[in-house]
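Taken together, the values in this text are just the output of simple stated rules run on the coordinates, not laboratory data. Remember, it's a predicted structure, so these values are computed and weren't measured experimentally. Cβ sites come from the backbone with ideal geometry, for glycine too, and all protein chains shown count toward neighbours.
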Amino acid sequence: MTRLFLPDAQATLALGAALGVALAAARGEGGGSMPLLLSGPLGSGKTTLVRGLVSTLPGAHAAEVSSPSFNIVNLYPTTPPVAHFDLYRVAGAAPDEFFDALDAKDVLVVAEWAENLPPGERPDEALLLAWTPVPSGRALEIRAWGKAAEALLDALAPKLNQWRKESSQ
């Protein structure tokens with residue numbers, strides 16, 4: 001597990017961009033897509049992180065990132081395509097599109113309100129990002145589920161350590 005402090009939206013966008021670069025590198029090395037499960041209260045930065053992530057992908061200029069609250073899923077025409085889910089209104093079971101996207105190895109799945117995903121429906125491999133508001137920004141915990149997720153988090157470690165140093169100054 002890794003803990004970070006995000007002082008503002010710019011830091012959240014930058015973290016999303018760092019995740020986008022790391023995910024692209026992992027795919028380039030033969031890794032599949034790594035689902036990102038985002039958890040935190042309304043306004044904590046989940047969609048902002050997705051905006052930063054999508055900004056690093058080819059085709060980002062055609063992607064208008066917004067919260068998929070009413071659609072349940074937004075599909076962004078990037079490479080790889082991003083399926084951005086909102087599980088806020090999910091009661092007891094995720095939509096079929098969520099599992100279809102997880103099964104499609106060429107799609108990057110990002111799910112907001114992951115805490116609403118029943119334990120038996122969680123992917124075996126994923127990064128879980130959980131936000132907690134604090135007085136001067138956001139605290140973020142990143143957890144890895146599975147070996148590939150642990151490897152991705154390890155690959156991100158130098159960037160995250162640099163981040164910690166910069167945000168503590």
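Results, tabulated for the structure shown:
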| item | result |
| --- | --- |
| Principal axes of the chain: Cα extent on each, largest first, Å | 45, 36, 33 |
| Top positive-direction residue, dipole computed over the range 2-163 with Cβ charges, set G59, S136, A14 | S136 |
| 3J(HN,Hα) from dihedral phi, the range 93-98, Karplus parametrisation 6.51/-1.76/1.60, rounded to Hz, x for glycine, proline | 8, 6, x, 4, 4, 5 |
| Value of [θ]222 nm, deg cm²/dmol, for the chain, DSSP H segments ≥ 4, -39500 (n - 2.57) each, nearest 500 | -11000 deg cm²/dmol |
| Sparsely packed trypsin sites (Lys or Arg not before Pro) within the range 92-169, loop by DSSP, other Cβ within 10 Å at most 13 | K105 |
| Three-way shape label, the range 98-169, alpha-carbon gyration tensor, a/c 1.5 | oblate |
| Pairwise FRET efficiency - L42 versus E97, Cβ, R0 = 22 Å, nearest 0.05 | 0.45 |
| Computed E for Q10/T79 - FRET, C-beta separation, R0 25 angstrom, nearest 0.05 | 0.50 |
| Gain on full stretching of the segment that runs from A104 to M1 - 0.36 nm per residue minus C-alpha separation | 34.4 nm |
| Difference of contour (0.36 nm per residue) and Cα-Cα distance, D124 to R143 | 5.6 nm |
| Hits among lysines - C-alpha to C-alpha of K159 under 23 Å, sequence gap 8 or more where chains match | K46, K147 |
| Pairwise FRET efficiency - R89 versus V134, Cβ, R0 = 30 Å, nearest 0.05 | 0.65 |
